[in-house]
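Asker: Below is the structure I would like to discuss, written out as structure tokens.
The values are calculated or read from the model by the stated rules, or taken from the named source; none is laboratory data. The structure presented is a predicted model; accordingly, all values stated were derived computationally and were not measured. Quick reminder, even Gly has a Cβ in these numbers, built from the backbone with ideal geometry, and neighbours come from all protein chains shown.
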Amino acid sequence: MADDGLALWGDGRGGVEDPAALGAPLERWDVRGLRLVLAAFAHADDSTADYLDGAISDVCCRSDEDFARLRELVSTLVTDADAGVERQATRILGGGGIRR
């Protein structure tokens, strides 16, 4: 099984047990937390992706300064070994937004 981060938040039925907890790794403002969320995002179904998109927006897009911090962190992940993380990071930096 891929280490996609979804196991941390899953309810065992393919959904998210606690949507509010999705932003917790982002609140750390470090590459590790962002990578975990982007990995989960890359492998998520549409419903879970919506929750993750909201968590990224709620935590990382509250201000221009927050968005600048997000872009700085994301820039370190555009060459990540996980193709899903790399794809999500590239989309964010390329102006494609958070959605896949």
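Asker: Kindly list the number of the only condition in (1) surrounded by 17 or more Cβ atoms within 10 Å (Cβ to Cβ); (2) at pLDDT 80 or above that fails for Ile98.
Answerer: The number of the failed condition is (2).
Asker: While we're on this one: I'd like the residue in segment 25-51 that is at pLDDT 90 or above and outside any helix (DSSP H, G or I) and, out of all such residues, is nearest to Val85 (Cα to Cα).
Answerer: The residue in question is Asp30.
Asker: Could I ask something else about it? If we keep just the residues of segment 63-95 that are among the small types (Gly, Ala, Ser) and over 12 Å from the mean Cα position of the chain (by Cα), which is modelled with the lowest pLDDT? Spell out the reasoning first.
Answerer: Going residue by residue through segment 63-95, those that are among the small types (Gly, Ala, Ser) are 63, 68, 75, 81, 83-84, 89, 94-95.
If we keep only those that are over 12 Å from the mean Cα position of the chain (by Cα) as well, we get 63, 68, 75, 81, 83, 94-95.
Values: Ser63: 93, Ala68: 93, Ser75: 95, Ala81: 94, Ala83: 93, Gly94: 85, Gly95: 67.
Filtering first and then ranking leaves Gly95.
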